[in-house]
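Readers should treat all values here as calculations from the given coordinates under stated rules, not as data from a laboratory. Everything quoted here is computed from the prediction, not taken from an experiment. So basically every Cβ, Gly included, is an ideal-geometry build from the backbone, and we count neighbours across all protein chains shown.
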């Protein structure tokens, strides 16, 4: 894999637009990334919600059709996505992962699970062990991942503002003296 390079949203959008041609590019995409991975979630057009009689289908029966559409997309585009991922990994030095979104349902097909080393004190380990004892998690690793997910869900706006601030700092640094 190539050396990691700095990733800019405009460059990613432009590159994926040039690489994702034809019917499989969907109705747009969202791109998220960190130091290890770039995740591309293709937005699928909303399926026709009429049944054979031409009448609207209720929301409860919509999910199976949506999941089928996402799975068909996954199978039909696998080879093309692998080519794009291979080139992207060489270009940015990060794993390229894929998903699809349709009618508000998102499925991620591939993703990197990156081990993270941390040192925890007794009180922090006890918190993780309590989650294990309560059946929330099966290991300290899983408990820690659960904690991170909870912070992300319940402090999402705050985390997003921090990300925006870091992006602005990176932009200003890149404009500074070499």
Subject >> Fraction of beta bridges assigned by DSSP in the chain that are antiparallel (%, nearest 5) >> reply: 60 percent
Original post:
Taking only C-alpha pairs under 8 Å that are 6+ residues apart, what is the relative contact order of the range 75-178 in percent?
Top reply: 10 percent
**OP:** Working from the alpha-carbon coordinates of the range 115-178, get Rg over Rh, Rh being the Kirkwood radius.
**Re:** 1.19
**OP:** For residue 173 and residue 155, compute 0.36 nm times the residue count separating them, minus their Cα-Cα distance, and round to one decimal in nm.
**Re:** 3.8 nm
Original post:
Listed highest first by mean packing, meaning other Cβ atoms within 10 Å per residue, what order do 73-81, 163-171, 98-106, 125-133 come in?
Top reply: 98-106, 73-81, 125-133, 163-171
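Mean separation of Cα pairs under 8 Å and 6+ residues apart, divided by the residue count of the chain: what relative contact order is that in percent? Write down the numbers at each step before the final one.
On the way: 170 pairs, mean separation 36.2, N = 178.
Relative contact order for the chain comes out at 20 percent.
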Original post:
Any idea what the alpha-carbon Rg over 2.2 N^0.38 Å comes to for the range 60-178?
Top reply: 1.45
Original post:
Which length gain, in nm to one decimal place, applies between residue 142 and residue 10 when the Cα-Cα distance is subtracted from 0.36 nm times their residue separation?
Top reply: 44.1 nm
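Per residue of the chain, what 222 nm ellipticity follows from adding -39500 (n - 2.57) for every DSSP H run with n ≥ 4, rounded to the nearest 500?
Rounded to the nearest 500, it is -16000 deg cm²/dmol.
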**OP:** With a point put 7 Å past each Cα toward its Cβ, work out how far residue 68 is from residue 122 in nm, to one decimal.
**Re:** 5.9 nm
**OP:** Set the Förster radius R0 to 41 Å, insert the Cβ-Cβ distance between residue 134 and residue 21 as r into 1/(1 + (r/R0)^6), and round the FRET efficiency to 0.05.
**Re:** 0.25
